[in-house]
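Report on the following structure.
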Protein chains: 2
Amino acid sequence: MQALAPLELRLTGNRRSVLAVLEQSSRPLTVEEVVSGSGVPTSTAYRNLAELVEAGVVVRVSGVGGGDRHELAEQFSQHHHHHLVCTDCGMVTDFDPSPQLEKLIDREVDALLATSGFEITHHVFDVRGRCRDCVAG
Amino acid sequence: MQALAPLELRLTGNRRSVLAVLEQSSRPLTVEEVVSGSGVPTSTAYRNLAELVEAGVVVRVSGVGGGDRHELAEQFSQHHHHHLVCTDCGMVTDFDPSPQLEKLIDREVDALLATSGFEITHHVFDVRGRCRDCVAG
DNA sequence: CCTGAAATGAGAAGCATTATCACTAGGGCG
DNA sequence: CGCCCTAGTGATAATGCTTCTCATTTCAGG
């Protein structure tokens, strides 16, 4: 995590910690997870995450229950990916989509751009079900 | 809206009203919209919606902010569809996906089934951006 | 009609998130 | 070097959506 400079946000110790936790995770994290993983106080974590979302560095992933999850925006992360969401416990896992599917999705999005009047920024492809643990337990 | 019988839920006046509002809408509704559209008291609307979600008649759509939205499950509605979500005002609109895309999505989901350990129930394909109104200002 | 289980609805309670505000930190400048 | 001004901080209060509580009502079946 380097930039943040072009934005009008100082790279403080707190923000560095929050970003580090997100960077090291392979899945979106709840605020609670960010707090316990970074040591940043809850109120500051909420504020920092909101600022980072506003700045486009972090994205919010709405799961099932128990609060939204956060991860680095794709341009700051490794790669484009989608989510496997457990409808039981809310756990979210990342997965890579096939290039084929992505191509078709892009085409679909282009078509929508033309017909909907929406200014489209991105798409979300989530697959839902029950995770291994919940199926077992 | 006929069934509900096979489930252990009585088709009461309130539930009928809630379902009617959802049935007549072409997009997912917030609880507030369901309340004002049906005349059902807030607490009952929340309870009924939760029961209907539990029963699989209604699905929750997590938008952007300002509360979850609800719509009839696809088997009780007309057709399979996806959502256009405005990241500004939270408005959600339905749209039909191309059969081509659906086919590829199904294939992708099958692959995930085999590799993830997830018991997959359905997928969500949302397109996000700013709606016509919010773009206009 | 009875009767018990399901449903109701107003208000209380719960909880994640946001706002408040006095205080601290830190970069720039006289 | 120290002053200033702004951004950041963090404990706490406030907000707001959602769920819970519980006394009352409805309703299907006997």
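The values are calculated or read from the model by the stated rules, or taken from the named source; none is laboratory data. Nothing here was measured: the structure is a model prediction, and the numbers come from that model. Reconstructed Cβ throughout: ideal geometry from the backbone, glycine too, with neighbour counts over all protein chains shown. To get the accessible areas, we keep the full protein, side chains included, count just its heavy atoms, and leave off ligands, DNA and RNA. Shrake-Rupley method; radii C 1.70, N 1.55, O 1.52, S 1.80 Å.
Here are the numbers:
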item: Within segment B:55-68, tally of residues that are under 14 Å from the mean Cα position of the chain (by Cα) and either near DNA strand D (Cβ under 10 Å from one of its atoms) or more than 21 Å from A:VAL85 (Cα to Cα) (or both); result: 5
item: Residue satisfying condition, being in contact with a helix residue (DSSP H, G or I) (Cβ under 9 Å, 6 or more places away or on another chain) and more than 9 Å from chain B (Cβ to nearest Cβ), within set A:LEU84, A:LEU72; result: A:LEU72
item: Residue list for segment A:73-107, filter: assigned to a helix (DSSP H, G or I) and modelled with pLDDT under 90; result: A:GLU74, A:GLN75, A:PHE76
item: Filter result (more than 10 Å from DNA strand D (Cβ to nearest atom) and of a type in the set (Asp, Glu)) within segment B:22-46; result: B:GLU23, B:GLU33
item: Whichever residue in segment A:37-54 is within 10 Å of DNA strand C (Cβ to nearest atom) and among the β-branched types (Val, Ile, Thr) and, among such residues, is nearest to the chain's Cα centre (by Cα); result: A:VAL53
item: Filter result for the condition that a residue is open to solvent by 50 Å² or more (accessible area, probe 1.4 Å) and β-branched (Val, Ile, Thr), over B:VAL34, B:VAL18, B:VAL59; result: B:VAL59
item: Residues within segment B:127-137 that are within 7 Å of chain A (Cβ to nearest Cβ) and not in a loop (DSSP other than H, G, I, E, B), tallied; result: 6
item: Residue match in segment A:91-104 (condition: touching a helix residue (DSSP H, G or I) at 6+ places or on another chain (Cβ under 6 Å), surrounded by 15 or more Cβ atoms within 10 Å (Cβ to Cβ) and facing chain B (nearest Cβ under 8 Å)); result: yes
item: Selection from segment A:37-56 of residues that are in contact with a helix residue (DSSP H, G or I) (Cβ under 7 Å, 6 or more places away or on another chain), open to solvent by 40 Å² or more (accessible area, probe 1.4 Å) and either acidic (Asp, Glu) or assigned to a helix (DSSP H, G or I) (or both); result: A:GLY37, A:THR42, A:TYR46
item: Segment B:9-36, subset more than 9 Å from DNA strand C (Cβ to nearest atom) and outside any helix (DSSP H, G or I), residue nearest to the chain's Cα centre (by Cα); result: B:PRO28
item: Considering residues of segment A:113-126 that are open to solvent by 20 Å² or more (accessible area, probe 1.4 Å) and either in a loop (DSSP other than H, G, I, E, B) or not hydroxyl-bearing (Ser, Thr, Tyr) (or both) only, the residue farthest from the other protein chains (Cβ to nearest Cβ); result: A:ALA114
item: Which listed residue is touching a residue at least 40 places away in the same chain (Cβ under 8 Å) and among the hydroxyl-bearing types (Ser, Thr, Tyr), from B:THR44, B:THR93; result: B:THR93
